[in-house]
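To keep things clear, I will list the structure first and then write my remarks on it.
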Amino acid sequence: MTLNVLILGANGFVGRKIVARLAAADWATPIAATRRPVSLSGARNVTFDAADASALGAAVREADAVVNCVAASAEVMVASARALRQALLDAPGPTRPVVHFSSMAVYGSALGKVDESHPLLGDVGPYSSAKVETEQLLGDLPGAVMLRPGCIYGPGSTQWSIRIAELLRARRIGDLGLAGDGCSNLVYIDDVVAAVEAALRRPQAAGRAFNLAMRDAPRWNDYFVQYGRALGAVPVKRITPRRLSIERRAAIPLKVLEKIGGKLGLRHTPAVLSPSMLALWQQDIALVPDAAETVLGLRWTPLEAGLRATS
């Protein structure tokens, strides 16, 4: 018997990878839910707004399990989580497990080694607080699993691979000194997808939260240097505090340019080096991945192998 697995946010970076993995499995049939019509190979495709309680309820009734990887504004993430909670509670028949994509952002400004028992601070902006609220909405449901990934990199990762590559090639980042001395908490995309599969198939995962980050993740400076070398963007330069100060001042104009460029259909605008990214690169927080290893059975892709596949 195969499980019908409803994947919300199926057209995103993570969602597409999950659909592909489940489509290739002999134990699952993916139902790919997207806001706009998209045909994802190997899946039954459905189209609706994830915050539409009625449409979501109908889709949940046809599923045996749900994976929620909706990536949107803070308001949309909370609204869709609230609708999903109600849909799961109202659905007839047996309990449907839900695997919810949270984020390390729930820990907010925490420092040091952080495991899943750490308080959820959610104090570093709307995204951070929204992720805490979505966990509060879904975390107490029967069979719920909360995944808290760090920074997901790999082929197709806009934030932590494509954008970083562009910045490295433009020599806008490199060895940042103290400004890049925080732990990267990197996790390779295939390991994230493996966590979803294990969460759906291992009963002992139910009711738990899991940090997803490679053990002994590199400092950001080390990641930038190794990635730059893998890309051939050498020499990887030392970026001075003065240069970073210029980047901070340029962030708002570049963000405006990015929005205008999107409306005008421009194919390329310079990558934004946002204040939140700069703050994260300094934050000395290290996710403890013990539970993911022991309960989900995860083994982390070495950075060198991940960079080879990404470059």
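Compared with the direct C-alpha span, the chain from Arg242 to Ala206 gains 8.1 nm at full extension, assuming 0.36 nm per residue. When the inverse distances between all different Cα atoms of region 30-161 are averaged and flipped, the Kirkwood radius reads 15.8 angstrom. Under the criterion of Cα pairs below 8 Å and six or more residues apart, the relative contact order for region 79-163 equals 34 percent. Near Ala28, the amide H atoms lying under 5 Å from its own belong to Leu3; only residues 5 or more places off or on other chains count, and H is placed 1.01 Å from N. Beta bridges from DSSP with both residues in the chain: antiparallel share about 5 percent, rounded to the nearest 5. Sequence-ordered 3J(HN,Hα) estimates for region 213-219 from the Karplus curve with 6.51, -1.76 and 1.60 and θ = phi - 60° stand at 7, 4, 5, 6, 4, x, 5 Hz, glycine and proline given as x. Amide H contacts under 5 Å for Arg219: Ser184, restricted to partners 5 or more places along the chain or on a different chain, H placed in the peptide plane at 1.01 Å from N. If we count trypsin sites (Lys or Arg not before Pro) as exposed when they sit in a DSSP loop and have at most 12 other beta carbons within 10 Å, what is the longest stretch of the chain that avoids them all? Longest run free of exposed loop sites: 1-266. When the chain is treated as a Gaussian network with alpha carbon springs shorter than 10 Å, the biggest mean-square fluctuation among Val132, Val67, Val295 belongs to Val295. Relative to the longest principal axis of the Cα atoms of the chain, the long axis of helix 74-90 lies at roughly 20 degrees.
The alpha carbons of the chain stretch over 61, 46, 36 Å along the principal axes, in descending order.
Candidate cross-link partners of Lys259 among the lysines, defined by an alpha-carbon separation under 25 Å and a same-chain spacing of 8 or more, comprise Lys131.
Mind pulling the angle between the C-alpha long axis of helix 189-201 and the longest principal axis of the chain? Nearest 10 degrees, somewhere in 0 to 90. Between helix and principal axis, roughly 20 degrees. Proximity of backbone amide H atoms, modeled 1.01 Å from N, is registered between Leu212 and Arg148, Gly150 at under 5 Å, excluding neighbours fewer than 5 places apart on the same chain. Helix 13-23 and the longest principal axis of the Cα set of the chain meet at an angle near 40°. Counting only DSSP H runs of at least 4 residues, each contributing -39500 (n - 2.57), and dividing by the residue count of the chain, the helix-based mean residue ellipticity at 222 nm comes to -12500 deg cm²/dmol. Straight-line reach only, C-alpha to C-alpha below 18 angstrom: list the aspartates and glutamates that Lys113 could link to, leaving out same-chain residues fewer than 8 apart. The reachable aspartates and glutamates, counting only those whose Cα sits under 18 Å from Lys113, are Asp123, Asp181, Asp216, Asp284, Asp290, Glu293.
Every read-out reported here was derived from the displayed coordinates using simple, explicitly stated rules and does not represent laboratory data. Every value quoted in this text rests on a predicted model; they were computed, and no experiment measured them. No Cβ is skipped: glycine too gets one built from the backbone with ideal geometry, and neighbour counts run over all protein chains shown.
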